[in-house]
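First up is the structure itself, then whatever we jot down about it.
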Amino acid sequence: MRAWNVGQFVLGGIVLLSLSSLASASMTLYGGLSYLSAADSPFTGAGLGYFYLEDFEDGALNTPGVTVSGGVATKPHYAAAYVDSVDGDDGVIDGNGNGGNSWFNSSGSTGLLFTFNAGVLGSLPTQVGIVWTDGLNPVQAQFFDGSANLIASATLPSVADGSFTGGTAEDRFFGLDIPTGIGSVLVTSGTGAGIEVDHLQYGGAPIPAPGALLLGGIGAVLIGWMRSRRVL
């Protein structure tokens, strides 16, 4: 794994990387890192005001401030033999994802769009990650800002193994870290099959309430006045 500091991106495996635009602030794009458990995530939530990891193990998307365009939890809608969760979600890393849960859409080319609500969260997340666990080639993640403008995208042309019975060696993490915030992420894969994702994760710093900003400004003025009095 190699990183660049300006317009920074990280490549994992064989990645076809496309940056439609580079934000003025530095960013890090994770374009398909191998992922078997939460320990493989580059995101820890350190220094953030909020951080959530949704593993869908309860069969629902219920972490705050995010909605999904469609799909369902794989269990109980599909037999366990066809579920492809993140490997470690059943408590053991054994090359099989049948024991956990994930989020599924029957059309891989339509994919799954996760949209974040700054009003609920306090601010748009500055870190967003998602794990693709099943589907057909190619696999792509696209990240958009709060106005639905594309920030960056990463494509894996040949990671899918063609099996839909829970293999986890193909599972890949896509993520973006950018100070200006992320409004949504769209994950797609090839036509002719569905798509599964897992371990949606996102975090950011809440915007202070207007009252807190006002009090902070008044405090700064008072401190400056007191210092000027001491000089006089």
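Points to keep in mind about this one:
- The residues listed here are Val86, Val120, Val185, Val139; of these, the one that is within 30 Å of Gly49 (Cα to Cα) and touching a Phe, Trp or Tyr at 6+ places or on another chain (Cβ under 6 Å) is Val185.
- Here the range 176-200 is the region considered, the condition is being hydrophobic (A, V, I, L, M, F, W, C), part of a loop (DSSP other than H, G, I, E, B) and within 22 Å of Leu124 (Cβ to Cβ), and the residue that is farthest from the chain's Cα centre (by Cα) is Ile178.
- Answer residue from the range 90-107, given it is within 18 Å of the chain's Cα centre (by Cα) and within 18 Å of Ser163 (Cβ to Cβ) and is surrounded by the most Cβ atoms within 10 Å (Cβ to Cβ) among those: Ser102
- The range 146-183, subset hydroxyl-bearing (Ser, Thr, Tyr) and crowded, with 20+ Cβ neighbours inside 10 Å, residue nearest to Trp103 (Cα to Cα): Thr168
- Phe43 vs. criteria farther than 19 Å from Val187 by Cβ and among the aromatic types (Phe, Trp, Tyr): no
- Residues that are over 13 Å from the mean Cα position of the chain (by Cα) and either among the polar types (S, T, N, Q) or on the phi > 0 side of the Ramachandran plot (or both), drawn from the range 31-62: Ser34, Ser37, Gly47, Phe56, Gly59, Asn62
- Test: residue in the range 133-146 that is modelled with pLDDT of 95 or more, assigned to a loop (DSSP other than H, G, I, E, B) and of a type in the set (Gly, Ala, Ser): yes
Table: residues versus (1) touching a residue at least 60 places away in the same chain (Cβ under 8 Å); (2) more than 11 Å from the chain's Cα centre (by Cα); (3) assigned to a loop (DSSP other than H, G, I, E, B); (4) closer than 19 Å to Phe56 by Cα.
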{"residue": "Phe114", "(1), (2), (3), (4)": "yes, no, no, yes"}
{"residue": "Gly119", "(1), (2), (3), (4)": "no, yes, no, no"}
{"residue": "Ser123", "(1), (2), (3), (4)": "yes, yes, yes, no"}
{"residue": "Gly129", "(1), (2), (3), (4)": "yes, no, no, yes"}
{"residue": "Ser153", "(1), (2), (3), (4)": "yes, yes, no, no"}
{"residue": "Phe164", "(1), (2), (3), (4)": "yes, yes, yes, yes"}
{"residue": "Ala169", "(1), (2), (3), (4)": "yes, yes, yes, no"}
{"residue": "Tyr202", "(1), (2), (3), (4)": "yes, no, no, yes"}
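The values are calculated or read from the model by the stated rules, or taken from the named source; none is laboratory data. Model, not experiment: these values are computed from the prediction. Backbone-built Cβ (ideal geometry, glycine too); neighbour counts: all protein chains shown.
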